[in-house]
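Visitor: Following this message is one structure expressed as structure tokens.
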Amino acid sequence: MVSATGGREEKTVPAPGNTTTTTTIFGLNSSVAVTLVLISPIIFTLVLYSDTFELAWNEGRGGFIFAMAFIAAELIGIRQPVSQKKFLIVVALAAIAIAYFAALPYGLRDSIREVGLSYDIRKEVIGSWVWMWDYLVMALFAGTSLAVLFGKKWYKIAPAGVLYLAGTAVILSLDAFFPYDTLGPLQFIVPIYLQIDQAVIRFVDQNIMDIGKGSVATARDNMLVLNGLKGPFALQVFWPSAGVHSMIIYTLVMLAFLLKMEIPLRRKLVYFAIGTFGTAMVNVVRIIALSFYALVVTTNVKEWEAFHSVAGEIMFLPWLGVYLAIVMFTERKRLRKKMQSSAAGGSSSSPTVPSPPAAPSPPS
């Protein structure tokens, strides 16, 4: 069987079971075709419900944008043959996922909300329960589709998008069932962050610039009282606002990323530890930024909440992307040096060929 692509011919390779595998599907590169199908439910929701794509992690579908980026980054350009039959199965799965999102305005979302309320989920956080199902559906769809396409080893090909979606669903479920400070183990980090925040604010006020009157920052347990240029402002910080969700997402995505890398375990642990520390520092910077916003910009609650809702994603996701890029660049550089040293060592240790013995001189 021969298919023409871009003016040249490409042979398809028949796989066992009379199933055709190919590097092109319906005239498209297979990796591009698979990516488009996997992100099609996200594109569908983006077109129909664009107003729900808030950046805040618990206020809409903004996380879908980042999941789409993870899926595209891992799939576009891979050279994995794809069965046309399996591809059509994934198309059917995509249609089911799209049907779920299409049915939401026609009573399905209300039903999901009522089920949440029947489980005694507070009305203030019922949104987290509702959005959780969107992420769960997308995670199940993407994971099942990748398993259909690439088999049991799919997690070594493109796990990041699935883990990001699943991690977000888990965090939303925790926020729904354990809001505010009801989940003690995740709340313990909050006082530490606030003490660091207090120390930084007081240092800036005493040594760099005047940002308030009297005690500009006082932290106690999960409370932070500010007295800045715009007047007093009090913060009560719970575990979701302390960046615990970003730490969970970092852990899942980083583990998926390191799982694919063929490097020693010790180096994987070093990369993971550095990233964990960096993510914690990003969370500290976010809380400090929120405090300074109230100290020097505004104490208007609505304006402050608007900044609060996007600050985490604006800081965390670029940090995660940059750190992953640094790790990839470092490992590629190490690999190039290793290959160059191996090549140099091979050429220097090549055996020398002895010269043939000189011909005997003719008798004089």
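The values are calculated or read from the model by the stated rules, or taken from the named source; none is laboratory data. Keep in mind it's a predicted model, so treat the numbers as computed, not measured. Every residue, glycine as well, gets a Cβ built from its backbone with ideal geometry; the counts of neighbours run over all protein chains shown. Surface accessibility is based on the protein's heavy atoms, side chains included, excluding ligands, DNA and RNA. Shrake-Rupley method; radii C 1.70, N 1.55, O 1.52, S 1.80 Å.
Visitor: Being open to solvent by 60 Å² or more (accessible area, probe 1.4 Å) and farther than 19 Å from L226 by Cα is the filter here; which residues of segment 290-317 pass it?
Guide: I314
Visitor: Any residue at all in segment 187-198 that's over 22 Å from A289 (Cα atoms) and modelled with pLDDT under 85?
Guide: In the first step, residues of segment 187-198 are kept if they are over 22 Å from A289 (Cα atoms); the result is none.
No, that holds for no residue.
Visitor: Here is a follow-up. Does Q236 satisfy being buried (at least 16 other Cβ atoms within 10 Å of the Cβ) and polar (S, T, N, Q)? Even if it seems obvious, please write down each step before you answer.
Guide: Numbers: buried (at least 16 other Cβ atoms within 10 Å of the Cβ): no; polar (S, T, N, Q): yes.
No.
Visitor: Could you please give the count of residues in segment 292-343 that are part of a helix (DSSP H, G or I), closer than 23 Å to V204 by Cα and out of contact with any strand residue (DSSP E or B) (no Cβ under 7 Å at 6 or more places or on another chain)?
Guide: Residues flagged as part of a helix (DSSP H, G or I), closer than 23 Å to V204 by Cα and out of contact with any strand residue (DSSP E or B) (no Cβ under 7 Å at 6 or more places or on another chain) within segment 292-343 amount to 9.
Visitor: What number of residues within segment 225-254 are hydrophobic (A, V, I, L, M, F, W, C), in a helix (DSSP H, G or I) and modelled with pLDDT of 85 or more?
Guide: The number of residues fulfilling the criteria is 1.
Visitor: Would you tally the residues in segment 150-161 being in contact (Cβ under 8 Å) with a residue 24 or more places away in the chain and assigned to a helix (DSSP H, G or I)? Please lay out each step first, then the result.
Guide: So the first thing to find is which residues in segment 150-161 are in contact (Cβ under 8 Å) with a residue 24 or more places away in the chain, and the list is 150, 155-161.
Cutting the leftovers down to assigned to a helix (DSSP H, G or I) gives us 150, 155-156, 160-161.
Total meeting the criteria: 5.
Visitor: Another question, then. Kindly establish whether A217 is open to solvent by less than 10 Å² (accessible area, probe 1.4 Å), modelled with pLDDT of 85 or more and not in a helix (DSSP H, G or I).
Guide: Values: open to solvent by less than 10 Å² (accessible area, probe 1.4 Å): yes; modelled with pLDDT of 85 or more: yes; not in a helix (DSSP H, G or I): yes.
When the stated conditions are applied, A217 passes them.
Visitor: Based on this model, can you work out whether V190 counts as over 27 Å from the mean Cα position of the chain (by Cα), open to solvent by less than 70 Å² (accessible area, probe 1.4 Å) and more than 30 Å from L88 (Cβ to Cβ)?
Guide: No; evaluated as a whole, the condition is false for this residue.
Visitor: Can you find a residue in segment 176-183 that is assigned to a helix (DSSP H, G or I) and modelled with pLDDT under 90?
Guide: yes
Visitor: If the requirement is being under 24 Å from D175 (Cβ atoms), part of a helix (DSSP H, G or I) and modelled with pLDDT of 90 or more, which of these qualifies: A99, A95, A69, A139? Spell out the reasoning first.
Guide: Values: A99 fails: under 24 Å from D175 (Cβ atoms); A95 fails: under 24 Å from D175 (Cβ atoms); A69 fails: modelled with pLDDT of 90 or more.
None of the others qualify; the one that does is A139.
Visitor: With the requirement that a residue be out of contact with any Gly (no Cβ under 8 Å at 6 or more places or on another chain) and either without any contact (Cβ under 8 Å) to a residue 60 or more places away in the chain or closer than 18 Å to A160 by Cα (or both), what does segment 281-308 give you?
Guide: M281, V285, A289, L290, Y293, N300, V301, K302, E303, E305, A306, F307
Visitor: Residues of segment 126-149 being crowded, with 19+ Cβ neighbours inside 10 Å, among the hydrophobic types (A, V, I, L, M, F, W, C) and in contact (Cβ under 8 Å) with a residue 40 or more places away in the chain, which ones?
Guide: Hits for segment 126-149 are W129, W131, M132, M138, F141, A142, L146, L149.
Visitor: Which one of these is open to solvent by 50 Å² or more (accessible area, probe 1.4 Å) and closer than 30 Å to W154 by Cβ: L324, L320, L258, L335? Steps first, answer last, please.
Guide: Working: L324 fails: open to solvent by 50 Å² or more (accessible area, probe 1.4 Å); L320 fails: open to solvent by 50 Å² or more (accessible area, probe 1.4 Å); L258 fails: open to solvent by 50 Å² or more (accessible area, probe 1.4 Å).
Answer to the check: L335.
Visitor: If a residue must be assigned to a helix (DSSP H, G or I) and open to solvent by 60 Å² or more (accessible area, probe 1.4 Å), how many such residues does segment 102-125 contain?
Guide: Our first condition is that a residue be assigned to a helix (DSSP H, G or I); within segment 102-125, this holds for 102-106, 108-118, 123-125.
Subsequent filtering for residues that are open to solvent by 60 Å² or more (accessible area, probe 1.4 Å) retains 105-106, 110-111, 113-115, 118, 123-124.
Counting residues in segment 102-125 that are assigned to a helix (DSSP H, G or I) and open to solvent by 60 Å² or more (accessible area, probe 1.4 Å) gives 10.
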